[in-house]
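K.L.:
Structure incoming, see below.
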Amino acid sequence: IFWLDDDMIIPIGRPGWLKRIAALPPNYPDSYAGVETLPRLLSSGKKVIGGLYFGRHAAAAPMVGSALTDPDFSRKCREFSTNVVETSWIATGCLLVHRSVFEDIKKACPELAPNPSVADPRLKDYWNFFKPDVDGGEDKKFCDRARLAGHKIYVDFGVRCFHVGYQCYGAHNTTGGFRK
C-alpha cells in the first residue's frame, strides 16, 4: 500500500512542474526533481520505505526518527544523496508498505485485533495498526510495530518530497533537526 498525505507534493518525473509547483530554487537539481516516486520506492525491494520530507514550517525537522536523535543523520537529510538508509521510524506522508508487514504485525501484536464492542460500528472489524499511545503518534507506533514484527524501516534520500504549509517546505527552507 502506498500512503500519500494530501498535504504532500512528490516528484512525478516532471522536474519543471515540481520546481514550479513547490517554488524550488532555480539551482535545485533536475536529477532529484525528475524522480518518479512510486517506481523508485518499489524498485528498492524494501518492505517499509518512504520518501524524505520535513515538517511544514520553517523550523521543521526531517520527519524521520534518526534525524531527531543523531546530528550526523540530521545533517545528511539536508544533503543531496540517493542513499537508502535504515532508520528507527519514518512518517507516513509518503510511505510504501508491503502487505506482509501488516500480516506480520497481526501475529506480533494481537492486541490490535478488531474489537466488536467499539462504539462506532464502522470500526469494529478493523485492525488498529496505527494506534498511537503515550510513547508516540501513529506514524512512530506503526514503525515500532513493524520493527517488532521483524521488519526494517528505510528512508530514500533520493525521493525528496515537499510538505505544504504556508509554503512548500523541504531541506531548502527548513532549519530543524537533531534535538539534544
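K.L.:
So in the chain, what percent of DSSP beta bridges are antiparallel if you round to the nearest 5?
P.N.:
80 percent
K.L.:
Round to a whole angstrom and tell me the spacing of the C-alpha centers of the range 1-48 and the range 94-164.
P.N.:
If we compute the Cα centre of each part, the gap is 23 Å.
K.L.:
With N denoting the number of residues in the chain, provide Rg(C-alpha) divided by 2.2 N^0.38 Å, to two decimal places.
P.N.:
The chain yields a ratio of 1.07.
K.L.:
Rounding to the nearest 20 debye, state how big the charge dipole of the range 1-68 is about its Cα centre with +1 on each Lys and Arg Cβ and -1 on each Asp and Glu Cβ.
P.N.:
140 debye
K.L.:
Would you work out which of 172, 96, 62 lies farthest towards the positive end of the dipole of the chain, given +1 charges on the beta-carbon of Lys and Arg and -1 on that of Asp and Glu, about the Cα centre?
P.N.:
Farthest towards the positive end: 172.
K.L.:
Using a 1.4 angstrom probe, figure out how much accessible area the range 20-104 has per residue, in square angstrom, rounded to the nearest whole.
P.N.:
Per residue, the range 20-104 has 46 Å² of solvent-accessible surface.
K.L.:
Show that you can apply the helix-only estimate: for the chain, add -39,500 (n - 2.57) for every DSSP H stretch of four or more residues, divide by all residues, and state [θ] at 222 nm to the nearest 500.
P.N.:
-7000 deg cm²/dmol
K.L.:
Moving on. Does the range 1-69 classify as rounded, prolate or oblate by the C-alpha gyration tensor (a ≥ b ≥ c root eigenvalues; a/c under 1.5 gives rounded; else a/b over b/c gives prolate, otherwise oblate)?
P.N.:
Verdict is oblate for the range 1-69.
K.L.:
How would 90, 9 line up by accessible area, probe 1.4 Å, largest first?
P.N.:
So, going from the largest accessible area down, we get 9, 90.
K.L.:
Where in the range 28-113 are there GluC sites (Glu not before Pro) that are in a DSSP coil and have at most 16 other Cβ atoms within 10 angstrom of their Cβ?
P.N.:
79
K.L.:
Enumerate the aspartates and glutamates that residue 46 could reach by cross-link, defined here as Cα to Cα under 18 Å, with residues fewer than 8 away along the same chain left out.
P.N.:
36, 86, 103, 104, 139, 144, 156
K.L.:
A follow-up question, please. In debye, nearest 20, what is the charge dipole magnitude of the range 89-180 about its Cα centre with +1 on Lys and Arg Cβ and -1 on Asp and Glu Cβ, if you could check?
P.N.:
Result for the range 89-180 is approximately 200 debye, rounded to the nearest 20.
K.L.:
Turning to a different aspect of this structure: How much of the accessible area of the chain, in percent, comes from carbon and sulfur atoms when a 1.4 Å probe is used?
P.N.:
Result for the chain: 54 percent of the exposed heavy-atom area is carbon or sulfur.
K.L.:
To the nearest 10 square angstrom, what accessible area does residue 98 show with a 1.4 Å probe?
P.N.:
100 Å²
K.L.:
Enter the angle in degrees (range 0 to 90, nearest 10) between the Cα long axis of helix 99-108 and the first principal axis of the Cα atoms of the chain, meaning the one along which they spread out most.
P.N.:
Once rounded, the angle reads 40 degrees.
K.L.:
Under 5 Å between amide hydrogens, which residues at least 5 positions from residue 159 or on another chain qualify, with H placed 1.01 Å from N in the peptide plane?
P.N.:
52
K.L.:
Could I ask something else about it? Can you pull the semi-axes for the range 91-162, root of five times each eigenvalue of the Cα gyration tensor, sorted largest first, whole Å?
P.N.:
Over the Cα atoms of the range 91-162, the semi-axes work out to 24, 14, 11 Å.
The values are calculated or read from the model by the stated rules, or taken from the named source; none is laboratory data. Everything numeric in this text was worked out from a predicted model, so none of it was measured. Every residue, glycine as well, gets a Cβ built from its backbone with ideal geometry; the counts of neighbours run over all protein chains shown. Ligands, DNA and RNA are excluded from the accessible area calculation, which covers all protein heavy atoms including side chains. Shrake-Rupley method; radii C 1.70, N 1.55, O 1.52, S 1.80 Å.
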